[in-house]
Amino acid sequence: MPSANEIGISIYLSEYESLRREIEMRATLSSSLVALELSALGIGLVAAKDLIDLYAGLAFLSAILWLFWLDHAEQIWKLATYISLQLRPVLVETAPHALGWEQFLRNLDSRRVVRSTRNAAFYITLLFASMPPVLGVVFVAAAAHQSNALDLVMAGRLVAAVGVFALWVYALVQFRSFSASRDQMDKWIQYPSTF
């Protein structure tokens, strides 16, 4: 019959495995959002030559996808922080080198000999953050070029452009909040005593 300690460790391992699966699922979904963004841009930019309103639609979609990506990224950080601060200390008592990946990764990144794993997140952020304003400006310019007067269609397009820019600003605010949360969680993972 297993001891109480063995049962406890088994429960912690089961929770760890469940959380790792959730991290993997969210990472896969995050990658899918990036692929969807690139696909939508590729197809949409070709089609937008004939239908300029697609620029506004693509800008809106890009901002929405960025918000979804931010949500998944923040949840991954929260899960990793929980694993590091709550599960790792208990599991390390039984297996001293268990769950050392997070610390190993931080040590590797801090040496600056190899490329940081944060580079990919920077490129993804650059993609998501730049597309809504660029597409919004292209949309407004194309709409202004197509219409000389402020008619009902042009007024609707201007309202759409303002809506897209407002959503983009909201996404920027959410990104800033995510960045602050991520940095704090990173510090807690590196220095658990500060939690």
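The values are calculated or read from the model by the stated rules, or taken from the named source; none is laboratory data. These figures come from a predicted structure and were not determined experimentally. Cβ coordinates were reconstructed from backbone atoms using ideal geometry, including for glycine residues, and neighbour counts include every protein chain displayed.
Among residues of the stretch 49-59 being out of contact with any Gly (no Cβ under 6 Å at 6 or more places or on another chain) and in contact (Cβ under 8 Å) with a residue 60 or more places away in the chain, the one that is farthest from L70 (Cα to Cα) is I52. With respect to the conditions (1) at pLDDT 95 or above; (2) within 27 Å of A166 (Cβ to Cβ), K49 falls short on a single one, namely (1). Listed by position, the helices (runs of 4 or more DSSP H) enclosed by the stretch 77-161 that each have at least 1 residues that are of a type in the set (F, W, Y) and touching a helix residue (DSSP H, G or I) at 6+ places or on another chain (Cβ under 6 Å) are 118-146. Can you find a residue that is within 23 Å of the chain's Cα centre (by Cα) and among the small types (G, A, S) anywhere in the stretch 90-109? No: zero hits.
Condition first: aliphatic (A, V, I, L, M) and in contact with a Ser or Thr (Cβ under 9 Å, 6 or more places away or on another chain). Now tell me which residues in the stretch 137-163 satisfy that. Answer for the stretch 137-163, where residues must be aliphatic (A, V, I, L, M) and in contact with a Ser or Thr (Cβ under 9 Å, 6 or more places away or on another chain): V153, M154.
All of S39, S62, S31 fail the test of being at pLDDT 95 or above, of a type in the set (G, A, S) and surrounded by 17 or more Cβ atoms within 10 Å (Cβ to Cβ), apart from S62.
When the stretch 16-56 is filtered for residues that are in contact with a Phe, Trp or Tyr (Cβ under 9 Å, 6 or more places away or on another chain) and part of a helix (DSSP H, G or I), the ones remaining, listed by number, are L19, L29, S30, L33, V34, E37, G44, L45, D53, L54, Y55, A56. Looking only at residues of the stretch 126-139 that are buried (at least 21 other Cβ atoms within 10 Å of the Cβ) and among the aliphatic types (A, V, I, L, M), we find that the one that is farthest from F68 (Cα to Cα) is L135. Considering (1) closer than 30 Å to L167 by Cβ; (2) in contact with a Leu (Cβ under 8 Å, 6 or more places away or on another chain); (3) in contact (Cβ under 8 Å) with a residue 12 or more places away in the chain, the lone condition that S84 does not fulfil carries the number (1).
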